[in-house]
Every structure is written in structure tokens, then in C-alpha cells.
């Protein structure tokens, strides 16, 4: 392959990575807006919040902010900020769910192992953000 072909392949690979991650984070943002009770249960289970006394405003506000962040990320805008913010958010998610990794074969703990490739993909995309130019702001 020539350098130009390699650059095109890298561009498409980074775009695919960005879109795949954007879809995942879009669903997580929409969950906070559509399924508020689930969002409250997540906050209670992993972040020590009391779901019964938590205002619906919190998941709505976080969901709206996350939705805006994900849309900017999908557009490839403000790469250092948006890619970095999603990376840090997901790192926090991975850390607070570490207890689920202790017994990976208990239901639904195996699903939490998906945190690791997602984290790896976010790190890779953040490190290569200056090369992610395809359909990017």
C-alpha cells in the first residue's frame, strides 16, 4: 500500500471507530432521557445515590449534557474536549463497575467486560484525534 492509501484506510478506520462509539454513547445518553428510573437505579447502584429521593431533573440534565457532548463527538468537533470528556466519563464508569469484574460469569457481570475494549477504543481515538479528519468538523 502507498502512504496515501494507508492515510485513507486510517481515516476510514478512525471514522468507523468514532461512529461506533457515538452510537453506544448516544444510547446511554438517551437512556437517561427516556428511562429515568433506570438511570436512577444506575446512579444508586454504582454512584451511591438514593434513587427514591433523587429528582428526575438529575438524569434529564445529565442526559441532555451527554447528548450534546455525543453529538459534538460524532461530528468530530472540539476533538480534545469531546474525545477527552468521553474518555474520562467512560474511565469513571469502568472504575465504579470494577466490582462486577470480580465474578465475570455471574449474570449480568460478563456484560461489564465490554468496558475494556470500549476504553481501549476511546484511548486510541483520543491519541489519534489529530488524524481523525474524515467527515469531521
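The list (1) -0.27, -0.34; (2) -0.37, -0.46; (3) -0.32, -0.39 gives values of log10 I(q)/I(0) by the Debye sum over Cα atoms at q = 0.09, 0.10 Å⁻¹, and only one came from this structure; which label was calculated from it?
(3)
Can you order the peptides 87-93, 113-119 by their average number of other Cβ atoms within 10 Å per residue, highest first?
Descending mean neighbour count gives 87-93, 113-119.
Roughly how tilted is helix 36-47, in degrees to the nearest 10 and between 0 and 90, from the longest Cα axis of the chain?
Roughly 90 degrees between the two axes.
How do 129, 18 rank when sorted from fewest to most other Cβ atoms within 10 Å of their own Cβ?
129, 18
Mind ordering 105-112, 67-74, 33-40 by average Cβ neighbours within 10 Å, highest first?
The packing order, highest mean first, is 67-74, 33-40, 105-112.
By how many degrees, between 0 and 90 and to the nearest 10, does the Cα long axis of helix 115-127 differ from the longest principal axis of the chain?
That helix lies at roughly 40 degrees to the long axis.
Taking the chain as the reference, fit the longest principal axis to its C-alpha atoms, fit the long axis of helix 3-34 to the helix C-alpha atoms, and give the angle between the two in degrees, 0 to 90, nearest 10.
20
Computed from the coordinates by the stated procedures, all read-outs in this text should not be read as laboratory data. The model shown is predicted, which means the values in this text are computed figures rather than measured ones. In this analysis, Cβ positions are derived from the backbone assuming ideal geometry, glycine residues included, and neighbour counts consider all displayed protein chains.
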